[in-house]
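The values are calculated or read from the model by the stated rules, or taken from the named source; none is laboratory data. This structure is a prediction, so every number in the text was calculated from the model and none was measured. Don't worry about glycine lacking a Cβ; one is built from the backbone with ideal geometry, like all the others, and counts go over all protein chains shown. Heavy atoms of the whole protein, side chains included, go into the accessibility calculation; ligands, DNA and RNA do not. Shrake-Rupley method; radii C 1.70, N 1.55, O 1.52, S 1.80 Å.
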Amino acid sequence: MQLLDYAPIAVLALLALVVSGAIILLSFVAGRPRHSTTAMTPYECGVPTFGNARERFSVKFYLVGMVFILFDIEAIFLYPWVVVFGELKLFGFIEMLIFIALVLCGFFYIWKKGALDWSPNESPEEQD
């Protein structure tokens, strides 16, 4: 390959650097610092801040995050399957049923263990 084949990529990279540099430079030139007590306090969705920001999160917060990732990955695996579904026929359908059944087993397991229950009144051990 010749060096001229990479010229459009180099022009695009140079243009991106020039535009981003110009935007940063303009923000320093046109923007003025506004330092006040109101501007320097953290914004908490309109609720006045209280307590320490370094409090520990509940483990259930992380469990719900992992469950979200689990079902997000399931959805990612469904898209390519749908694209080639016509070629896979019954075999592909049965494979996807097994996959969805395994994911649902995991979902029912975390549901039974109380990972989706956010009520502070009882712990998952008390539910068994």
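Across segment 72-86, what is the total count of residues that are out of contact with any Gly (no Cβ under 8 Å at 6 or more places or on another chain) and open to solvent by 60 Å² or more (accessible area, probe 1.4 Å)? Before the answer, list the steps.
From segment 72-86, those out of contact with any Gly (no Cβ under 8 Å at 6 or more places or on another chain) are 72-80, 82-83, 86; that's our starting set.
Imposing the further condition that a residue be open to solvent by 60 Å² or more (accessible area, probe 1.4 Å) reduces the set to 72-73, 76-77, 79-80, 82-83.
Qualifying residue count for the region: 8.
Does at least one position in segment 51-68 carry a residue that is part of a helix (DSSP H, G or I), of a type in the set (Phe, Trp, Tyr), open to solvent by 90 Å² or more (accessible area, probe 1.4 Å) and at pLDDT 85 or above?
Residues of segment 51-68 that are part of a helix (DSSP H, G or I), as a first pass: 59-68.
Next, only the ones that are of a type in the set (Phe, Trp, Tyr) stay: 61-62, 68.
If we keep only those that are open to solvent by 90 Å² or more (accessible area, probe 1.4 Å) as well, we get 61-62, 68.
Within this subset, residues satisfying the condition of being at pLDDT 85 or above are 68.
Checked against the condition, which is being part of a helix (DSSP H, G or I), of a type in the set (Phe, Trp, Tyr), open to solvent by 90 Å² or more (accessible area, probe 1.4 Å) and at pLDDT 85 or above, segment 51-68 yields at least one hit.
Looking only at segment 76-123, how many residues end up being acidic (Asp, Glu) and either under 29 Å from Phe57 (Cα atoms) or part of a loop (DSSP other than H, G, I, E, B) (or both)? Break it down into steps so the answer makes sense when it comes.
Let us first name the residues in segment 76-123 that are acidic (Asp, Glu), namely 87, 95, 117, 122.
Cutting the leftovers down to either under 29 Å from Phe57 (Cα atoms) or part of a loop (DSSP other than H, G, I, E, B) (or both) gives us 117, 122.
Summing the residues that are acidic (Asp, Glu) and either under 29 Å from Phe57 (Cα atoms) or part of a loop (DSSP other than H, G, I, E, B) (or both) in segment 76-123 gives 2.
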**Fill in**
Selection from segment 103-114 of residues over 16 Å from Asp72 (Cβ atoms) and out of contact with any helix residue (DSSP H, G or I) (no Cβ under 6 Å at 6 or more places or on another chain) yields Cys105, Phe108, Tyr109, Trp111, Lys112
**Asked** Which residues, counting only those in segment 19-50, are open to solvent by 100 Å² or more (accessible area, probe 1.4 Å), modelled with pLDDT of 75 or more and outside any loop (DSSP other than H, G, I, E, B)?
**Response** Ile23, Leu25, Leu26, Phe28, Val29, Thr37
